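Report on the following structure.
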Amino acid sequence: MAQQSVSLDAQQRDIIGKKVKTIRAQGVTPAVLYGHGIENVLLSIPTKILEKVYKQAGESTLLDLTVDGKDQRKVIIQDIQYDNVKGNIIHIDLHEVKMTEILTTEIPLKFIGESKAVKELAGVFVANINFSAPVGAVQSHGDCTGGVVSIIPDSADLATYDAGGDVVMGVCIKSGANMFGGEHSQVFTQDSANIASCYGITGFGTSNVTVQRTGTPSSTCQAISHIDVIVGTPTPTPTPTPTPTPTVTPTPTPAATPTSTTTTTPAALEAAQGPSALPATGGTPSASASSSLPWVAGIMGGLAVAAAGGFWVHSWRRAR
C-alpha cells in the first residue's frame, strides 16, 4: 500500500518569547523545527490548517513540510501543547527525519478483517506495539501480517526459524520482483515442495521451520528476501487416565472339619454289652460301626451262642 502524503506549509518567524501572544491572536500557532544534524528553525503555521493536518496525520505520519514556499522536508509532529482552559493548540514541535535513519515513534494500530492463519489454523495474532524501524519500512506482509515478520534468511537459498516453545502454523515467502507478483506469497500451512517451481518448506507443526530454494537460481527462481511466520501454542496431548485393574478377592477355602473316630477297646465293649458283643476273630471293634449296624452285632452274637452250644454237645458225647 502506497504511503499517504500530507503537506504542510509554514513560515519562518522572528517573534519569540511572550510576544508570540500577538501571532496567536492572529490565528497563527508558533512552532519549532529540529532534527538530527540540523539547527533549530522557528516557524509559524496557520492554526486552522495545523488542526486539519493534525487530525488527518496524527503524530506518526510523515509530512511534507514546505518553509516559505521552498525547502521541502520530511517531518513528523513530535509534540503539541494545548491551552489548559480553552483546549486549543498553542505550540507544536516538528521533527525532521532522515529516510535512512531509524526512528522510534508511536503508531496507532487498526486491525481490519481476520488473518487466514488465525481464522483457519488457530494461529496467534501478534501485534507489535513498540518497535524501531527505518522510516517508511513499515509494510504489509500479506496473510502473515501480525506474525513474526521479516526473518532474515541464512543465505540466498535457505531461511530457518526457531519458534522456541511454540509451533509453526504458517509461512509466507518474500522473494524477488518476479516471484509471487512482486508481493509476499500466500500463507503455506503444511510441508510443501516445488512451490512456484522454486521453493520447499518443511517443519510445520514443530518449533523449527525451513524454507529452501530447491530450484535452479534464475530470474524465475529468485533468492529468498525474507520469510514471515505465524506461530501458535502447541496443543497439549491429553494424558490418558489409566483404567484401574479390578482387585480380585480370593474366595476363602473352608477349613476341613476334622472327623473324630472313637475307638472302643474290647474290655470296654464286654463290660458294656457282654461277651456276645466281642467279634469272633478278635480285634478292636468300632463304636460307630456297632452303633450304626446293630444287626451285625446280633448276627455275630448268635454265631457265638451257636458255637458255644456245639462245643457243649461235642463234649457231652465224648463224656458218654
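Stretched out fully, how many nm does the piece from Thr214 to Ala196 gain, at 0.36 nm a residue minus the Cα gap? Please report the intermediate quantities before stating the final value.
Working: separation 18, 0.36 × 18 = 6.48 nm, distance 1.04 nm.
Additional length available on full extension: 5.4 nm.
Across the range 149-257, the relative contact order, built from alpha-carbon pairs under 8 Å that are at least six residues apart, equals 35 percent. In a fully extended conformation the segment linking Lys98 and Asp83 would gain 2.3 nm over its present Cα-Cα distance, using 0.36 nm per residue.
Based on the mean of other beta carbon atoms within 10 Å per residue, what is the order of 42-53, 163-174, most packed first? Don't jump to the answer; show the numbers that get you there.
Values: 42-53: 17.2, 163-174: 21.2.
Going by the mean number of other Cβ atoms within 10 Å, highest first, we get 163-174, 42-53.
Each peptide among 142-148, 203-209, 152-158 gets the average number of other Cβ atoms lying within 10 Å of its residues, and from highest to lowest they stand as 142-148, 203-209, 152-158. The label-point distance for Lys21 and Ala223, in a model that sets each label 7 Å from Cα toward Cβ, rounds to 6.4 nm. In sequence order, the range 76-91 has phi-based couplings of 10, 6, 8, 7, 10, 10, 10, 6, 5, 9, 7, x, 8, 6, 10, 6 Hz under the Karplus curve 6.51 cos²θ - 1.76 cosθ + 1.60, θ = phi - 60°, and Gly or Pro positions carry x.
Let me know the shape class of the range 13-95, please: from the alpha-carbon gyration tensor, a ≥ b ≥ c as square roots of the eigenvalues, rounded when a/c is under 1.5, otherwise prolate if a/b is greater than b/c, or oblate. Don't skip to the end; give the middle numbers.
On the way: a/c = 1.67, a/b = 1.24, b/c = 1.35.
Oblate.
Applying 1/(1 + (r/R0)^6) with R0 = 25 Å to the Cβ-Cβ distance of Glu120 and Thr160 gives a FRET efficiency near 0.55. For the range 35-43, the Karplus equation 6.51 cos²θ - 1.76 cosθ + 1.60, evaluated at θ = phi - 60°, returns couplings of x, 5, x, 10, 7, 5, 10, 8, 10 Hz by residue, with Gly and Pro reported as x.
Gain in length, Thr251 to Glu51, computed as 0.36 nm per residue apart minus the alpha-carbon separation, to one decimal in nm?
Values: separation 200, 0.36 × 200 = 72.00 nm, distance 9.52 nm.
Extra length available between Thr251 and Glu51 comes to 62.5 nm.
How would the range 182-223 be classified by its alpha-carbon gyration tensor: rounded, prolate or oblate, with rounded meaning a/c under 1.5 and the a/b versus b/c comparison settling the rest? Prolate shape, in that a/c is at least 1.5 and a/b is the bigger ratio.
Every read-out reported here was derived from the displayed coordinates using simple, explicitly stated rules and does not represent laboratory data. All values derive from a computational prediction rather than experimental measurement. Backbone-built Cβ (ideal geometry, glycine too); neighbour counts: all protein chains shown.
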